[in-house]
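The values are calculated or read from the model by the stated rules, or taken from the named source; none is laboratory data. Values in this document were obtained by computation on a predicted structure and should not be read as measured data. FYI the Cβ positions are ideal-geometry reconstructions off the backbone, even for glycines, and counts take in every protein chain you see. SASA here: full protein model, heavy atoms, side chains in, ligands and nucleic acids out. Shrake-Rupley method; radii C 1.70, N 1.55, O 1.52, S 1.80 Å.
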Amino acid sequence: CSSDLLMKSIKKGWKWALFAPEDFPAHEFYHDLVEMWFGQNCVPENPHRPSREDYARIYDHISKHFFFVYPKDVSPTPEYIQERFLELIIKEGVQGCIVDPFNQMSNDYASSGGRDDRYLDITISSFSRFVMTNNQMFVIVAHPKAMQKDDKGNYKCPDVFDLAGGPMWNNKMDNIMFYHKPYRGEDPTNPVCTLSIKK
């Protein structure tokens, strides 16, 4: 969750490398973090928004602690992402890396005979070696497979085996947590959410 990363940055000075193409462009992601910092909308319509100077100061802090990896001209393979993360670890002192989500990388399942479990075995093992070698916190966001809605349009909280290649996630990951919005289908504005620890 972005707010957790922000708090780690504020309280501990952590720096983050992110492959998060769904949050592109970076400046909009940074803007969202600035609004989290102030706890309010930083738009002209808000008469209580922070001053330009305060906004710029916090935006500058965030841009020095969050580094976007967004390849425009090459495929974002897991190998490429690790190379960019390593550059940021060396150059910027990054302490945490985020892949959000896993399915936005260029994943070559054919290299493992089309089997997602074998591919996950190889890829997660590679990430694990990267983590151990570089002493990083490493977070991978994965989405569940298609799930059934209830009569109100809500989804139940997924489990490990609802992820594509679920058993291998369970075998390879150190921790598995599910962030779930139980009433999103019937009321997208409902803020209730749950965090379930599965491993």
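Observations on the structure shown:
- Residues located in region 14-29, provided they are open to solvent by 20 Å² or more (accessible area, probe 1.4 Å) and modelled with pLDDT under 95: Pro21, Glu22, Asp23, Phe24, Pro25, Ala26, His27, Glu28
- The listed residues are Glu35, Glu87, and the only one of them that is buried (at least 16 other Cβ atoms within 10 Å of the Cβ) and free of Cβ contacts under 8 Å to residues at least 12 places away in the same chain turns out to be Glu35.
- Candidates are the residues of region 108-124 that are open to solvent by 30 Å² or more (accessible area, probe 1.4 Å) and of a type outside the set (D, E, K, R); the one that is modelled with the lowest pLDDT is Gly114.
- Scanning region 44-60 for residues that are without any contact (Cβ under 8 Å) to a residue 12 or more places away in the chain and under 25 Å from the mean Cα position of the chain (by Cα) yields Ala56, Arg57, Asp60.
- Residue within region 110-127 that is closer than 24 Å to Leu6 by Cβ, of a type outside the set (Ser, Thr, Tyr) and within 19 Å of the chain's Cα centre (by Cα) present: yes
- Considering residues of region 143-199 that are in a loop (DSSP other than H, G, I, E, B) and of a type in the set (A, V, I, L, M, F, W, C) only, the residue most open to solvent (accessible area, probe 1.4 Å): Ala146
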